[in-house]
Amino acid sequence: MSIRVRLLLSYTFILIVTIVLFLAAALLFVVAITGDVRSVKDFYNIHYSVNPLSGQEETIFLDLKYLAKNEPDALLDKMLLDEYNYKLRAVQAELFIRKEDKQVYSSLSVKQPKLITYLPGYEMENNAIRSTLQIGDHFYGYAKFDFYFPDRTKGSMYVIRERSPFAEVIRTLLPIILGVLFFVLLLMNMLLYFVFTRSIIKPLDLLRKSTERIKEGNLEFELRAEGNDEITRLSEAFEDMRMKLKQSVEKQLQYEQNRKELIANITHDLKTPITSIKASIEGIRDGVPDTKQKMDRYVNTILTKADDMDQLIDELFLYSKLDLKQLPFTFEAISIGHFIEDYAEDLHYDMQDIGIELEWSMDHAASSVVLADRDKLKRVLTNIIDNCVKYMASEPKKIRIDLKVENGFVRLSIHDNGPGISEEAVPFIFERFFREDLSRSRQSGGSGLGLAITKQIIEGHSGTIQAESKLGAGTTIIIRLPLAQDIGGRS
């Protein structure tokens, strides 16, 4: 059974229950008005306007009517009339006898001294013997019978019952109210069914269409949810799922593209040394190096290219493990200032030998503590310094290391006065196999993995790395590492 049919049946059931409860309440209300359960069945009979009396009252009236026809003198017997009046008063009715224009008998409970003046005139044919009359604010229902006394004087017998004015109004308006209420309930039921069906079925249908689009591989759409109900939250969760699925697919496509580029880059970087090795071996096989000096040159070429290939493979293996989060980090609390100072002092004399001036400044960050892997952090510094050295050509050659503390991070900057990097290339220098030299010659750069490995290691330390450079103004590599107390539970 569909949700739409279930909703329709639910609202129909609620409508029926509401009507039944209302009718029950109306029944109880009528009982309260009439004061007698037995009179309920007469409250809305079609003959109510013709027969204003209840069943018991009508029986007594018929007995009196029989006397008026056959023994009219009996209606002058006070004891007999008192007996009938007692029966009528037991059912909240009253007896009234009129002879000509005089009152012959009247119940003491009738509080209308002018009642006789409001009673209808004689109608000996008795065509209209039941009706109602109003005296002031009081309403009375009555049944009458006109007859002749033995002396041929006119007489009338009335059985009268006072009616509540409120009951008269209710009796008139209640059918209209019931009809209006039924129409309103029916209209509200249809309106609620339409509104709730629209608020439930439409979003569900939209979800169904969205799943079909995803099944077809289409993720380029947006599922907009409005409201704050369960269907809206389901739609929002579905949209989140679609976004994450789209990102996953895009990431997978990017991985595939990166894989293709990686294979192309590896092929390119391996092909050059292999070609050199192959050429050298072929030369040796053909006897080209006919002297020891030439042979040594050929062998050195083979060894150098083999070392380059070995270094490329090592760096590629390291990068792959870092990229796949499979290389463990051994973190320990270290004084970053002392670490940098020891590294700079060890490097100072090597830099002097190749004509590069190395300077460093610790500021007030010498005692700052970070959680770091010593070996990998040293690998970072080495990769950056090697990159600086490779591209420095003009004199004087300078490299400066600065260490500062700012906003819960230590800021490590390494600046050189080399030729700099074009603004277009700066955002890409940390990507694998990137070289600003489009020819990708290993004579003008390394494997293209050094700075990519550096970025992976720094991000593994919950840090960031960036470059600032302009052509002719040198390059600055900026590393930010969180202080030990800001890392939390890392170990």
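Summary of values
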item	result
Amide H within-cut-off set for S368, under 5 Å, with H built and near neighbours excluded	I336, G337
Alpha carbon convex hull of region 378-427, volume per residue in cubic angstrom	109
Cα-centre dipole for region 328-486 with unit charges at Cβ (Lys and Arg positive, Asp and Glu negative), debye to 20	480
Calculated P(r) of region 230-321 - Cα pairs past 17 Å, %	67
Karplus 3J(HN,Hα) series, Hz, for region 143-154 with 6.51 cos²θ - 1.76 cosθ + 1.60 (x for Gly, Pro)	10, 10, 9, 9, 8, 10, 6, x, 8, 6, 8, 7
GluC sites (Glu not before Pro) restricted to DSSP loop in region 50-153 with at most 10 other C-beta within 10 Å	E125
Cleavage-rule hits, trypsin sites (Lys or Arg not before Pro), region 305-394, DSSP coil, Cβ neighbours within 10 Å at most 11	K325
Rounded FRET efficiency, nearest 0.05, which uses the C-beta distance separating L181 from Y66 and R0 of 45 Å	0.50
GluC sites (Glu not before Pro) within region 386-431, DSSP loop, no more than 12 other Cβ atoms inside 10 Å	E423, E424
Gain in span if fully extended, E345 to R224, counting 0.36 nm per residue against the direct Cα distance	37.5 nm
Using θ = phi - 60° and Karplus 6.51 cos²θ - 1.76 cosθ + 1.60, couplings along region 308-323 (whole Hz; Gly, Pro as x)	4, 5, 5, 5, 4, 5, 4, 5, 5, 5, 5, 4, 4, 5, 5, 5
R297/E423 FRET efficiency (R0 45 Å; Cβ-Cβ; nearest 0.05)	0.60
Shape box of region 328-486 [Cα atoms, principal axes, largest first, Å]	45, 30, 26
Subset of K246/K455; K271/K376; K321/K455; K271/K325; K271/K390; K102/K144 violating a 18 Å alpha-carbon distance limit	K246/K455; K271/K376; K271/K325; K271/K390
Mean Cβ neighbour count within 10 Å, used as a protection proxy, ranking 227-237, 283-293 highest first	227-237, 283-293
Cα convex hull of region 42-163, projected area averaged across orientations, nm²	7.1
Long-range amide H partners of V410 with built H, under 5 Å	L481, L483
Amide hydrogen neighbours beyond the local backbone of V104, cut-off 5 Å, H modeled	I97, R98, K99
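Where a number appears in this text, it was derived from the coordinates with a stated rule and is not lab data. Note that this is a predicted model, so its numbers are computed, not measured. Heads up, the Cβs are rebuilt from the backbone with ideal geometry, glycines too, and the neighbour counts pull from every protein chain shown.
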